[in-house]
1. How many of the residues in the stretch 19-55 are hydrophobic (A, V, I, L, M, F, W, C), closer than 28 Å to Ala197 by Cβ and either assigned to a helix (DSSP H, G or I) or in contact with a strand residue (DSSP E or B) (Cβ under 7 Å, 6 or more places away or on another chain) (or both)?
2. Find all pairs meeting these conditions: Cβ atoms under 7 angstrom apart; at least six residues apart or on different chains; first residue within the stretch 114-130 and part of a helix (DSSP H, G or I); second residue open to solvent by 10 Å² or more (accessible area, probe 1.4 Å) and polar (S, T, N, Q).
3. Out of the stretch 185-211, which residues are modelled with pLDDT of 95 or more and in a helix (DSSP H, G or I)?
4. What are the pairs, 6+ residues apart or on separate chains, where a residue within the stretch 24-45 that is within 20 Å of Leu87 (Cα to Cα) has its Cβ under 7 Å from a residue that is exposed (fewer than 15 other Cβ atoms within 10 Å of the Cβ)?
5. Just name the residue that is farthest from Phe168 (Cα to Cα) out of those in the stretch 98-113 that are more than 17 Å from the chain's Cα centre (by Cα) and touching a residue at least 60 places away in the same chain (Cβ under 8 Å).
6. Name the one entry in Gly140, Gly165, Gly170 that is open to solvent by less than 70 Å² (accessible area, probe 1.4 Å) and out of contact with any Lys or Arg (no Cβ under 9 Å at 6 or more places or on another chain).
7. Which residues, counting only those in the stretch 69-79, are over 12 Å from Pro51 (Cα atoms) and crowded, with 17+ Cβ neighbours inside 10 Å?
8. Any residue at all in the stretch 40-52 that's among the hydrophobic types (A, V, I, L, M, F, W, C) and either modelled with pLDDT under 95 or surrounded by fewer than 19 Cβ atoms within 10 Å (Cβ to Cβ) (or both)?
Amino acid sequence: MPADTLILFDIDGTLLSASRVPARILGEVLTEVFGTQGSITSFDYSGKTDPQIVRELMRGAGVAEERIAKALPEALSRYVEQLDARLAPEHVKAKPGVESLLERLAADPRVTLGLLTGNLEPGARIKLRPLDLDRYFPFGAYGSDSEDRYTLPSLAVARAHACTGVRFEGKRVVIVGDSVHDVLCGRSIGVKAVAVATGPTPRDRLLACGPDALLDDFSDTEAALTALLDGIGA
């Protein structure tokens, strides 16, 4: 049976939590590169790309646009380097039910799995490896591809086609995430959006943006599979 459904997962808040370690590392890097970390302790990261996060933090701290643009690549490179060196396995925790869900989806011949994340690709892989989740995702679209998250779904779909030869479209594309932006970027290209209330965004706020389904978490594997695969033939 050929794969006909593409499921794209966000990482932070959806698949896993890395505690506050990445934010702490980013703050130290921003202080080194720009002389300030801005309002990092109160910043809302949800659904944003890594380059967008740095740019917004530095704008908020009054750093000139020209300086931000010039130093952004260095800041991101240092961040990934430090993340690789300092993110320990004990810092990374899977969200409830994630491992069982991914195992079931990976075994389903109807399903192709990919990533749709604001992380830079190297940072995404660094976060996934301690839980051995990296093996489920041969491709994706990342914050290193574009600062604008809303351009990433189309890129992920194109990469899925290049990888599998299948043209995934409409509700056969499922975007899964814990933020409003995960839902809305799916809406922007007319695909299915499944929200999960495992991140910092309140459940009622997720519900208000109109996802196709809303889960509290993935601990009920059968319910999660139903939400993701509803309408797919046996």
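1. 6
2. From residues that are part of a helix (DSSP H, G or I), the pairs are Glu121/Ser144.
3. Arg203, Asp204, Arg205, Leu206, Leu207, Ala208, listed by residue number.
4. Qualifying pairs under 7 Å: Ile25/Arg86; Gln37/Thr31.
5. This residue is Ser100.
6. Answer to the selection: Gly165.
7. Matches in the stretch 69-79: Arg78 only.
8. Yes, the stretch 40-52 contains a residue that is among the hydrophobic types (A, V, I, L, M, F, W, C) and either modelled with pLDDT under 95 or surrounded by fewer than 19 Cβ atoms within 10 Å (Cβ to Cβ) (or both).
The values are calculated or read from the model by the stated rules, or taken from the named source; none is laboratory data. If you're wondering where the values come from, they're calculated on a predicted model, not measured in any experiment. Note that we place each Cβ from the backbone using ideal geometry, even for glycine, and neighbour counts take in every protein chain shown. To get the accessible areas, we keep the full protein, side chains included, count just its heavy atoms, and leave off ligands, DNA and RNA. Shrake-Rupley method; radii C 1.70, N 1.55, O 1.52, S 1.80 Å.
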